[in-house]
Amino acid sequence: MPKMKTKSSAKKRFKVTATGKVLAAQAGKQHGMIKRSNKFIRDARGTSTLSAPDAKTVKGYMPYDR
């Protein structure tokens, strides 16, 4: 049986923790920072964990990372 392929875009955007949670960058920070509040910019710093349904979808793209 051939090797399973991972989605290269998912490899670059997500990281799976040791406990199986999926880390992703905060959304909404690519452009348009002038119209965003300082509170939004401050709270959207760093990474966050995805919800369970989203994490299940992402893990399907990375079959060896479970």
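Does PRO2 satisfy the criteria of being touching a residue at least 24 places away in the same chain (Cβ under 8 Å) and either out of contact with any strand residue (DSSP E or B) (no Cβ under 7 Å at 6 or more places or on another chain) or surrounded by 10 or more Cβ atoms within 10 Å (Cβ to Cβ) (or both)?
No; evaluated as a whole, the condition is false for this residue.
What number of residues within the stretch 12-37 are surrounded by 10 or more Cβ atoms within 10 Å (Cβ to Cβ) and either touching a Phe, Trp or Tyr at 6+ places or on another chain (Cβ under 8 Å) or not basic (Lys, Arg) (or both)? Lay out the reasoning, then the answer.
Let us first name the residues in the stretch 12-37 that are surrounded by 10 or more Cβ atoms within 10 Å (Cβ to Cβ), namely 13-16, 20-26, 28-29, 33, 36.
Add one more test, that the residue is either touching a Phe, Trp or Tyr at 6+ places or on another chain (Cβ under 8 Å) or not basic (Lys, Arg) (or both), and what stays is 14, 16, 20, 22-26, 28, 33.
Of the residues in the stretch 12-37, 10 are surrounded by 10 or more Cβ atoms within 10 Å (Cβ to Cβ) and either touching a Phe, Trp or Tyr at 6+ places or on another chain (Cβ under 8 Å) or not basic (Lys, Arg) (or both).
In the stretch 38-54, what residues are farther than 27 Å from ASP65 by Cα and either polar (S, T, N, Q) or surrounded by 13 or more Cβ atoms within 10 Å (Cβ to Cβ) (or both)?
Of the stretch 38-54, the ones farther than 27 Å from ASP65 by Cα are 38-43.
Result: ASN38, PHE40, ILE41.
Starting from the stretch 41-66, take each residue that is in contact (Cβ under 8 Å) with a residue 24 or more places away in the chain and closer than 16 Å to SER8 by Cα and list its partners that are exposed (fewer than 10 other Cβ atoms within 10 Å of the Cβ) and not aliphatic (A, V, I, L, M), counting only C-beta distances under 6 angstrom and pairs at least six apart or across chains.
That search, which allows pairs on different chains as well, returns LYS59/ARG66.
Each reported figure results from applying straightforward, stated rules to the coordinates on display, with no laboratory input. Remember, it's a predicted structure, so these values are computed and weren't measured experimentally. For neighbour counting, all protein chains shown are included, and Cβ atoms are generated from backbone atoms with ideal geometry for every residue, glycine included.
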